[in-house]
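Below: the structure, in structure tokens.
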Amino acid sequence: MNAPLLSHAGRHLLSRRDFLRWGGTGLGGIALAALLAEQRLSAAGAPWRPLIDGRLPYAPRPPHFTPKAKRVLMIFCSGAISHIDTFDYKPELIRLHNQPMPGAESLITGQGMQGNVIKPLWDFKPRGQSGKMVSDLLPHLAELADDMCFIHSMTAKSAAHGPAENQMSTGFILDGFPGIGAWATYALGSECRNLPAFVAIPDPRGVPQTGSRHWASGFLPAAYQGVAFNADKPIPHLNRPTGVTAGDDHATYELLKVLNDRHLAENPGDTDLAARISAYELAAKMQLAAAEVGNFSKESPSTLAAYGVADTNPTKAGFARNCLLARRLLERDVRFVQLFNGAYAMGEGIGNWDGHKYIVEQYKTHAPILDQPAAALLRDLKERGLLADTLVAFVTEFGRMPTFQKGANGRDHNEKGFTVWLAGAGVKPAFSYGATDDLGYKAVDKITTIYDLHATILHLLGLDHERLTYYNSGIERRLTDVHGHVIKGILA
Amino acid sequence: MIEPWRKHWSFQPLRQPAVPDVAAAWGRNPIDAFVRAKLAEKGLEPSPEADRRTLLRRLSFDLAGLPPTPEESDAFLSDGAPDAYERLVERLLASPRYGERWARHWLDVVRFAESDGFERNNLRPNAWPYRDYVIRAFNEDKPYDQFVREQVAGDALGVDEATGFIVGGSFDFLQSFEPPYFNLGQRADELYEIVGTAGSTFLGLTVGCARCHDHKFDPIPQADYYALTAVFQGVEHGERPLLPRNHDELIAQAAAPRRRIAEIDAVLAPFAPVPQAKRVLVVPPAAEGTLQAYTAGTARGQAGDLGDEVRLPTLNAAFRSRPAAAGANAEWQPWSGLPAGRFRVWLSWGVAASHASVVRCTLDGREIARVNQTTFADGTAAVAAEERWSGFYDAGIHTLNTSSRLALAGIDPDAILAADVVGLEEVRSAAAERPTLTPHLRAPVIVKTNEERFAPVEAKWVRFTVLGSNTPEGYIDELEVLSAGPNPRNVALVEFGAKATSPVIDGNDGNSFYVNDGRFNERAAWNSPAKEPGFVQIEFEKVERVDRILWSRNRSDRQPNLDDHLVTTYRIELSIDGQRWTEVASSEDRLGSAWRKRVPVLPTLSFVPPARAAEIARLAAERRVLLADVKRLIDSPAVYAGKLREPGPTFRLHRGDPLARREQVAPGALARLGPKLDLPRELPEQRRRVAFGEWLTAPDNPLPARVMANRIWHYHFGTGIVDTPSDLGLNGARPTHPELLDWLASEFVARGWRMKELHRLILTSATYRQSSKPQARGLEADASTRFLWRYPPRRMEAESLRDAILAVGGRLDLRAGGPGFFLFQSDISKSNIQTFVPKREFAGDDFRRMVYQLKPRAQLDDVFGAFDCPDAGQIAPTRTRSTTPLQAFNLMNSPFVMQQAEALAARLEREAGAEPAAQVRRAFRLMFGRDPAPAEATAASDLLAGHGLPLLCRALFNANEFVYVP
């Protein structure tokens, strides 16, 4: 019987409505919910909420069905990386170079009028066995094209960075919704017992445009918010304050145990109190584990060199350390890692992929920061066998225009068609899905939405996106709102 | 078949149910009978009354959000009177701490925060008056129905700041980019947020669900949603002046000075510097001679003189001087590049006692004037040891050509010649040849609003031609054309049916729709083509009589430093038929844009005859004093409570698509629930909100009382009788105690909607006074304590935790109200988005109660945010209560907690002396309101002895007993 184990907080995570509607008594409700969880199934389409033990909010929980992926790495290029200069090869742009874009007489995008069509700014070459055309902008990643499953027909709901970043990470263009990592860990908990279940790794240059909204828990319990740290900036308040020793902390925990045990004895069976005691135990373990995961001293010199952690470009070296940190987290079974490339702390296009004005110069700065470290990470995951049950998703908030903006040497925002790619668990390698038109302007074949992408990621984690819900303010909320279809065509 | 909603509990009329007749003798008031009956039904027993220490702690946190002090404990525990508990309740309800605590709950419900959210997330430094209003409302026990009405239409009820409710949510300042009418979609999203929050807050219904289609569960047709948007259509995000409570009285006092101002205005009106069809040029002396600064200061002719009605501001910071001993009668030609035409020539110079007293001014070798540079232009003597600007001297009307030589020459070979700007005022008509005090000059073009006034004229078209701008492509964020007469209206607004166009250039007609979309900022601006000239024109819906045009490059306050793409030369024309155009204003009589930083405002009147100078100066001075009087009487600080304006018509939008307008909708409320509300389409916007507020609180609207009674219960017990407090509709939860909720709601109304009355009822019930100790039978049958077989204990909220730490450490600063303290360093300098870096060191204001923090949206506090603090991105009618290791890190290792541990240690030393056992005892009394048990005392003393008093304090902050409300 699970019921007595549930704390007030844990029970709060069960639907009170179902509890009342089905049960009539509390007992019945709990039993039924537990039964459903055991069976991992209920009536088609009915909401499914994970059964959460409040003492152990991160305990692993069964998915809806057998998953292909145990964990997810999402690489998020903030600022919108240009698809037509990287992975979406459009020879027509070369033919129309410097001519007006056909049919674009009245085209106005965010920053105003469009100038002429501009050909890809880097040469494309066939790569690997598959001969996939990838540009020279990202030569190291290009070498791994055979591992990638491209979705060339992605579309976003907004062409403004904030709302679109929100959508790519939370499914909604508005603020206040839980990130996909929060949904995943709410559903599944974590196999890792001493690290956060969901880690966000901000770029060495700072946070992306919508900052912590990417990894916020929104209306989900705070336990599922992503913990943001990177190789050079540890978890906030993880470390003991100056002047406090391990011995001090040990003694402190001893006293807390005396106080809390006595208090619990006066309130026997109160699982909230027990949950808090276990949170402190987990914190103590995490303090050690987080220090260990960020310590690269046992990594081989060849690994360190492959990532470029000692590169003379400090930003690239910092991102390389973040990539290595990501691998070490995934290796330790952290459920969801969101790795950011690009930040807004320095302004538009300076620290990110937002190339409005001088895209060539800007991308010449950014591409080397991303390329070698991210490629090393993907290769490392593969070589260590982690890619077999890890899903890698390379995303950005939208694409860029095939034209230059009038009076500028850069491309404006384009939410109508862009590229993301997946790799690893459960997706077809060396595969391209969907297409934009000849100019790379608009998705025309197998048009795909961010909802579809999210549905697919959840599917690979063994979750039905229509049934993974959380009741909030009158609505049974989903990551995918009321939309989304699993992109079956890319499943291996 | 009857639709399910007709039978839904919360839509039924509110009637007071009979109190159950419970056989078992238990209870103190009718609440207990309802609870007891339900427990009996479930086979459960209530718990005994909690001990007094527990009750004190529970009540203190529940009502004040703070722990009881040891002195309060002693007083209550030793109070043997039978009504000791009731008096404690009264004391806490009367404390100002109560309003601070309960306002925080309300601010969750209404998603209040003090920044915009979205990517820019700009702060709202003037949003706090709404927070103070809410605190005051709770403390004053404002009747809830009035509280509701004020938040919807406080501007009509003498509490302007109350409408901070309407615009308390997020606002996408940047907006999306969907042409052609991107602002329509943006505005529709804003109204969705506003209407949705009003619906969830007051009605407990998810009204927003009916934006695209009829509500799937509740009886809310799509048309109702749009009727509600019509109610709020006139409210926009932004600030407006906060009117003081005695506003009417002050207005009355201002009437007399205002009448006199009107009289003076009538005298001065003919001299207003309105656009003239003539060139006025101000030519600075060229780079020859020595540059010499005017004496600093703001007096007449000093460098910072801003001028007045009869005196131009000092136009330059410095003049040029030709050194002495250049020779008598040697011509010095400081000005070059003169235009051709017939002009009145105005000379000016630097005034100083050391300058030449006779200076000849020649035009092409012919003397046109003699001036004395030891005096001002009007003959007043120089000020000793100072250099000042002379003002303009009328050197008569002369014909110039482009090769004309305008020169100065001295008579005394040793004298210093000083040259400053020369004014050239074109003479086109005989009327203009009468002498005037100063040349006619209008203010330079500025980034913000530029005004053009002219005699009323009928027009159907306006055309704005950009002739030049300071960087290629002039931007205009808005071009407004105001109707003549009282209550001027911007007839160029798209909402009134006006259409903007600009010519097709390079296959592109530009983005003319921005020019009359009612949006002020640089992103919503029309731009002229890079190769000027270019123009934009607007056709009004019909012929209008107009007399004023306003235009700007960026009128928003959000980016005050923009200074590029500014239109510097332009022409504005009107037309009745779109064929024949009449110029009404141009840049030709404005001071050049090079002066826009130095002279953004030009107060000087035009065409004042010298003979009337003294009279005009006297009237103008009187007017300034009167204006200051009026301003002092009626000037009001700005508050983020919404900008109000009369809106255009509201339409139902098919599938919520702002471009798919369907039938026009009148303002209204829900058609199928509560009383009927029929309002005319044209109702002024304020009256719409007043009517809606009255509808909400009408006796036959059953929802608001139920919703609020449930919220109050929710905050007392941790869970509502309905555990979806902002959804009492068909998709919401069912009440555990439906009769009890109806009884409470009807008592609430019967007792004048007084929230404190409801608190009293609940707090004095036996149900509330139960012990919170777990019992096996209760846990097994009802682990979440929904049926209240005990009082449900819970971890305190983030704000209580922070306040409690400060309180026991002795550092809590109880100063109430006013602007909030800020827990971040915000930085917007490096980019156009807001970044928030948490503070690491705290002092002063930071120790006020957390309800007084300037709370940014989507940015949680570094330490206490992890305790399920809502980020105000969405409404938070309930808070999750989770337990995470991050909370442990924050309470163990954060600088804030360490600092407070030191503060508590210092307090213990102060209050308990040096003896460790006494320090431990005092610590337990402060933190837990009790003495330590022997085992606890030993363990605590061990930590103290081995690791120091601050570490003991830090440990105690982390104890379960400290963070749980029993």
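Here are the numbers for the structure shown:
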| item | result |
| --- | --- |
| All positions within the stretch A:258-272 that are outside any helix (DSSP H, G or I) and either more than 7 Å from chain B (Cβ to nearest Cβ) or surrounded by 17 or more Cβ atoms within 10 Å (Cβ to Cβ) (or both) | A:Asn267, A:Gly269, A:Asp270 |
| Check on B:Gly43, crowded, with 18+ Cβ neighbours inside 10 Å, among the small types (Gly, Ala, Ser) and touching a residue at least 24 places away in the same chain (Cβ under 8 Å) | no |
| Qualifying residue in the stretch A:363-384 (condition: under 30 Å from A:Arg49 (Cβ atoms) and at pLDDT 95 or above) | no |
| Any hit, the stretch A:457-477, residues being at pLDDT below 95, within 26 Å of A:Lys70 (Cβ to Cβ) and of a type in the set (A, V, I, L, M) | yes |
| B:Ala660 assigned by TED's automatic domain parsing to the domain that holds B:Val195 and more than 30 Å from B:Gly693 (Cβ to Cβ) | yes |
| Residue check for B:Ala945: more than 8 Å from chain A (Cβ to nearest Cβ), over 30 Å from B:Ala866 (Cβ atoms) and of a type outside the set (D, E, K, R) | yes |
| Residues that are out of contact with any Asp or Glu (no Cβ under 8 Å at 6 or more places or on another chain), at pLDDT 90 or above and more than 14 Å from every other protein chain (Cβ to nearest Cβ), drawn from the stretch B:465-493 | B:Leu479, B:Glu480 |
| When residues of the stretch B:566-603 are limited to those that are among the polar types (S, T, N, Q) and assigned to a strand (DSSP E or B), the one nearest to B:Val310 (Cα to Cα) | B:Ser586 |
| Segments classed as helices (runs of 4 or more DSSP H), wholly inside the stretch B:921-966, with at least 2 members that are touching a residue at least 60 places away in the same chain (Cβ under 8 Å) | B:949-957, B:960-963 |
| Complete set of residues in the stretch B:1-34 that are touching a helix residue (DSSP H, G or I) at 6+ places or on another chain (Cβ under 7 Å) and part of a helix (DSSP H, G or I) | B:Trp5, B:Trp9, B:Ser10, B:Phe11, B:Pro30, B:Ile31, B:Phe34 |
| Residues of the stretch A:241-253 classified as more than 7 Å from chain B (Cβ to nearest Cβ) and assigned to a helix (DSSP H, G or I), total | 5 |
| Test: residue in the stretch B:216-227 that is buried (at least 19 other Cβ atoms within 10 Å of the Cβ) and over 30 Å from B:Asn731 (Cβ atoms) | no |
| Check on B:Leu891, crowded, with 21+ Cβ neighbours inside 10 Å, away from chain A (no Cβ under 11 Å), assigned to a helix (DSSP H, G or I) and touching a Lys or Arg at 6+ places or on another chain (Cβ under 9 Å) | no |
| Residues of the stretch A:358-389 classified as under 18 Å from the mean Cα position of the chain (by Cα) and acidic (Asp, Glu), total | 1 |
| Meets criteria (among the β-branched types (Val, Ile, Thr) and either surrounded by 23 or more Cβ atoms within 10 Å (Cβ to Cβ) or free of Cβ contacts under 8 Å to residues at least 12 places away in the same chain (or both)) for B:Val22 | no |
| Within the stretch B:80-196, helices (runs of 4 or more DSSP H) holding 2 or more residues that are touching a strand residue (DSSP E or B) at 6+ places or on another chain (Cβ under 9 Å), at pLDDT 95 or above and away from every other protein chain (no Cβ under 14 Å) | B:128-139 |
| Qualifying positions in the stretch A:436-491 - within 30 Å of B:Thr197 (Cβ to Cβ), in contact (Cβ under 8 Å) with a residue 40 or more places away in the chain and in a loop (DSSP other than H, G, I, E, B) | A:Glu466, A:Arg467, A:Thr469, A:Ser473, A:Arg478, A:Leu479, A:Thr480, A:Asp481 |
| Output for the stretch B:230-250, where each listed residue is closer than 30 Å to B:Gln12 by Cβ and touching a strand residue (DSSP E or B) at 6+ places or on another chain (Cβ under 6 Å) | B:Ala230 |
| Neighbours by Cβ (under 9 Å, 6+ apart or cross-chain): first from the stretch B:695-722, over 20 Å from B:Val152 (Cβ atoms); second acidic (Asp, Glu) and part of a helix (DSSP H, G or I) | B:Tyr715/B:Asp62; B:His716/B:Asp62 |
| Single match in A:Ala290, A:Ala275 (criterion: within 24 Å of A:Pro57 (Cα to Cα), crowded, with 18+ Cβ neighbours inside 10 Å, of a type outside the set (Asp, Glu) and within 7 Å of chain B (Cβ to nearest Cβ)) | A:Ala275 |
| Condition check for B:Asp868: acidic (Asp, Glu), closer than 30 Å to B:Ile194 by Cβ, within 7 Å of another protein chain (Cβ to nearest Cβ) and under 34 Å from the mean Cα position of the chain (by Cα) | yes |
| Per-region count, the stretch B:529-567, residues within 32 Å of the chain's Cα centre (by Cα) and either of a type in the set (Gly, Ala, Ser) or at positive phi (or both) | 3 |
| Any hit, the stretch B:898-920, residues being within 11 Å of chain A (Cβ to nearest Cβ), surrounded by 20 or more Cβ atoms within 10 Å (Cβ to Cβ), within 29 Å of B:Phe717 (Cα to Cα) and modelled with pLDDT of 95 or more | no |
| Evaluation of A:Val244 against (1) over 14 Å from the mean Cα position of the chain (by Cα); (2) in the same structural domain as A:Val420 (by TED's automatic domain parsing); (3) among the aliphatic types (A, V, I, L, M) (one fails), failing number | (2) |
| Matching option when the condition is among the hydrophobic types (A, V, I, L, M, F, W, C), out of contact with any strand residue (DSSP E or B) (no Cβ under 9 Å at 6 or more places or on another chain) and assigned to a loop (DSSP other than H, G, I, E, B), among A:Val334, A:Val309 | A:Val309 |
| Flag if A:Ala291 is part of a helix (DSSP H, G or I), among the hydrophobic types (A, V, I, L, M, F, W, C) and either more than 30 Å from B:Ala50 (Cβ to Cβ) or outside the structural domain of A:Gly351 (by TED's automatic domain parsing) (or both) | yes |
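Listed here are the residues, each with its yes/no results for (1) without any contact (Cβ under 8 Å) to a residue 24 or more places away in the chain; (2) over 29 Å from A:Gly211 (Cα atoms); (3) in contact with a Lys or Arg (Cβ under 6 Å, 6 or more places away or on another chain).
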{"site": "B:Lys756", "(1), (2), (3)": "no, yes, no"}
{"site": "B:Leu761", "(1), (2), (3)": "no, yes, no"}
{"site": "B:Ser772", "(1), (2), (3)": "no, yes, yes"}
{"site": "B:Glu780", "(1), (2), (3)": "yes, yes, no"}
{"site": "B:Leu806", "(1), (2), (3)": "no, yes, no"}
{"site": "B:Asp813", "(1), (2), (3)": "no, yes, yes"}
{"site": "B:Gly820", "(1), (2), (3)": "no, no, no"}
{"site": "B:Asp845", "(1), (2), (3)": "no, no, no"}
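The values are calculated or read from the model by the stated rules, or taken from the named source; none is laboratory data. Model, not experiment: these values are computed from the prediction. Glycine gets a Cβ as well: all are built from the backbone with ideal geometry, and neighbour counts include every protein chain shown.
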